[in-house]
Amino acid sequence: MPGRKFARRLGESPGNAPSKRRRPELLCALACALALSVSNCRFPDYTFVDTPAGSGGGAGTAAAGTGNGGGLGGVGAGGSGGRDIGDAGTAGITTGGTAGGGSAGEAGSMAGSGGEPCLYPVPLSYPAHCFNKTAGDGESGVDCGGSECAPCWNNQACVAASDCLSKQCGSNKLCVPLISLTYTPIDTSARTPAPKFKLNITYSDKPMPLRDLRIRYYYNHNEVTEPVLGLDSQATIDPDNMQMDISTKVLTSVHRFPLGPKDANGLNTDSYLEIAFNDSTTVTSGTKLVITQNFVAGNVEQLFDQNSHYSFSKNTGPNPAIVVSGSNGTLWGVEPPMALFPDCAFASGANLNGPALTVGGEALLAESQADFTFNGAAPFSSTAKVLPSTDATTAKLLSTGRTLNTGESLVWSVPNGNYWAYAWLTSTVAADNGTLSLGDSVADKFIGSTSGGARWGVLGPYRVDVTDGSLQLTVDGSVHLAGIKLYEAER
């Protein structure tokens, strides 16, 4: 497993700055200086906690907000951008790791092979004045620009190029926007089975392929039934003033992490829905995109609480809590603080009843290469279309697996340690339902369905502590397990 690496582009949050907060572009420079190379440093930006492999961290530094304990716990817990531009915010709360060996959530992680340190991204905390709906305290625009707030992403006032996300302060002393974005909530209910919204985006940056565009809606999972899926995507684009329906080209994916620290509004975030496009159309300045999107849970036993969603707003208008990126980095928005995994935290993974695969940049073992013991757990294979659509490698992973029923088990021999576990579950012809247990951790309930395609999801992460060299998976009901992966956790 690689040692010193940077967190992957998928789902990292901005970096935190000590005491007097540094601008994100300075954090990016710091991050780039910590490794020989890193791609796409502009989106997103980070800083890192450097913890020696296998050791507990030193005392956390409360003033800096970056405990040397490392891991996912010994970091500064701070606020980030509010749900609406100008929402009131508070300064972040910092909690460093404790001295000595440390305890769970405080001390360093196992941190990669070969004794190399693992670098963890630390959430960025902006001070309260960046959310008070007025320009002041060194801000160039309203709640943006200056030395402490996020760069302005729209036509806000600027003094220098550094005040602007586009790095362009026009002759009229307004930031040159990279895009304009209008968010419209379609379902404004506090509790709903299917959050739904509409985005009107006008692109203003240099030409790029549509497939490089990424849109993220951040939310709190709150134990809704799995699988959570982005469905019923509707999208149009008008390159060269010729409107095209690209709904079939929309790819949605859901990503979950451990529950992050509170943001400026007291909200915790652990998930985001990402909207991407399987289309090579060139997006040029002036191109308009209109996207309507919802996402749903496995059933309505537990409704989404939209008031706990970082990206939700009851108001139509610009929404900086929707984050948009392109070929050259962030185009719009401010990410919430999240507890994320760097590459070096990846421990192992396996493709059940299938060959070795690389999924999302991570190498999964073939079942024959991993050390599994099965009690029942019959193998399955499927040619069903998966829903939502995904890349070819993930679809291949989902096409094989093991069916676990009540009373059956799967045991995986893994080194002792503390981990975060994910499991790929899918539906087969029979829409079986069940609740998976990974060791002593009980996963979210999974409701299978083949309506419109074999629905699937990546469940997790769930904390598992291995003390006897093995991880046992059992189920209450019946589930179809396609794969599993582990990330080393803090000690």
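Within region 278-306, the residues that satisfy the criterion of being in a strand (DSSP E or B) and farther than 16 Å from TYR203 by Cα are THR292, GLN293, ASN294, PHE295, VAL296, PHE304, ASP305. The residue that is modelled with the lowest pLDDT, among those in region 146-164 that are in contact with a strand residue (DSSP E or B) (Cβ under 6 Å, 6 or more places away or on another chain) and under 23 Å from ARG216 (Cβ atoms), is TRP153. The condition (being out of contact with any strand residue (DSSP E or B) (no Cβ under 9 Å at 6 or more places or on another chain) and not charged (D, E, K, R)) is satisfied by just one residue among ALA443, ALA392: ALA392. Put simply, of PRO227, PRO177 the only residue that is touching a Gly at 6+ places or on another chain (Cβ under 6 Å) and at negative phi is PRO227.
On the stretch given as region 417-427, residues that are over 19 Å from SER389 (Cβ atoms) and either part of a loop (DSSP other than H, G, I, E, B) or touching an Asp or Glu at 6+ places or on another chain (Cβ under 9 Å) (or both) total 4.
The set of residues in region 193-224 that are surrounded by fewer than 20 Cβ atoms within 10 Å (Cβ to Cβ), assigned to a strand (DSSP E or B) and over 22 Å from the mean Cα position of the chain (by Cα) comprises ASN200, THR202, MET208, PRO209. Of the residues examined, SER147 is not one that is farther than 22 Å from GLU274 by Cα and in contact with a helix residue (DSSP H, G or I) (Cβ under 6 Å, 6 or more places away or on another chain).
Within region 464-486, being over 12 Å from PRO415 (Cα atoms) and among the hydroxyl-bearing types (Ser, Thr, Tyr) holds for THR474, SER478.
For region 384-393, the criterion of being of a type in the set (S, T, N, Q), outside the structural domain of ALA276 (by TED's automatic domain parsing) and at pLDDT below 95 is met by at least one residue. Considering region 428-491, the qualifying strands (runs of 3 or more DSSP E), each wholly inside and each with 2 or more residues that are among the polar types (S, T, N, Q), surrounded by fewer than 22 Cβ atoms within 10 Å (Cβ to Cβ) and touching a residue at least 40 places away in the same chain (Cβ under 8 Å), run over 433-438, 470-488. Restricting the first member to region 184-206 and to residues that are at negative phi, and the second to residues that are small (Gly, Ala, Ser) and surrounded by 15 or more Cβ atoms within 10 Å (Cβ to Cβ), the beta-carbon pairs closer than 6 Å and six or more apart or on different chains are THR202/SER180.
Would a scan of region 295-305 turn up a residue that is within 30 Å of ASN132 (Cα to Cα), in the same structural domain as HIS255 (by TED's automatic domain parsing) and of a type in the set (Asp, Glu)? Yes, some residue in region 295-305 is within 30 Å of ASN132 (Cα to Cα), in the same structural domain as HIS255 (by TED's automatic domain parsing) and of a type in the set (Asp, Glu).
Could you please find all residues in region 351-365 being small (Gly, Ala, Ser) and surrounded by fewer than 19 Cβ atoms within 10 Å (Cβ to Cβ)? Correct list: ALA356, GLY360, GLY361, ALA363. Residue-level check: of (1) part of a strand (DSSP E or B); (2) among the hydrophobic types (A, V, I, L, M, F, W, C); (3) at pLDDT below 95, VAL254 misses just (3).
Consider SER325 carefully, then state whether it is among the hydroxyl-bearing types (Ser, Thr, Tyr) and part of a strand (DSSP E or B). Spelling it out, SER325 is indeed among the hydroxyl-bearing types (Ser, Thr, Tyr) and part of a strand (DSSP E or B).
Checking GLU148, GLU139 one by one, the residue that is in a loop (DSSP other than H, G, I, E, B) and in contact (Cβ under 8 Å) with a residue 40 or more places away in the chain is GLU148 and no other. Among the numbered conditions (1) farther than 28 Å from LEU397 by Cα; (2) crowded, with 18+ Cβ neighbours inside 10 Å; (3) hydrophobic (A, V, I, L, M, F, W, C), the only one that ALA345 does not meet is (1). Checking each residue in region 366-400 for being surrounded by 13 or more Cβ atoms within 10 Å (Cβ to Cβ), aliphatic (A, V, I, L, M) and either more than 27 Å from the chain's Cα centre (by Cα) or part of a loop (DSSP other than H, G, I, E, B) (or both) picks out ALA370, ALA377, ALA384. Quick check on my filter: what residues within region 323-345 are in contact with a strand residue (DSSP E or B) (Cβ under 6 Å, 6 or more places away or on another chain) and under 22 Å from PRO151 (Cα atoms)? Passing the criteria: VAL323, VAL324, SER325, GLY326, SER327, LEU331, TRP332, GLY333, GLU335, PRO336. With respect to the conditions (1) under 30 Å from LEU178 (Cα atoms); (2) at pLDDT 95 or above; (3) in contact with a Ser or Thr (Cβ under 8 Å, 6 or more places away or on another chain); (4) not in a strand (DSSP E or B), ILE275 falls short on a single one, namely (4).
The values are calculated or read from the model by the stated rules, or taken from the named source; none is laboratory data. Every value quoted in this text rests on a predicted model; they were computed, and no experiment measured them. Using ideal geometry, Cβ is built from the backbone for each residue, glycine included, and neighbour counts are taken over all protein chains shown.
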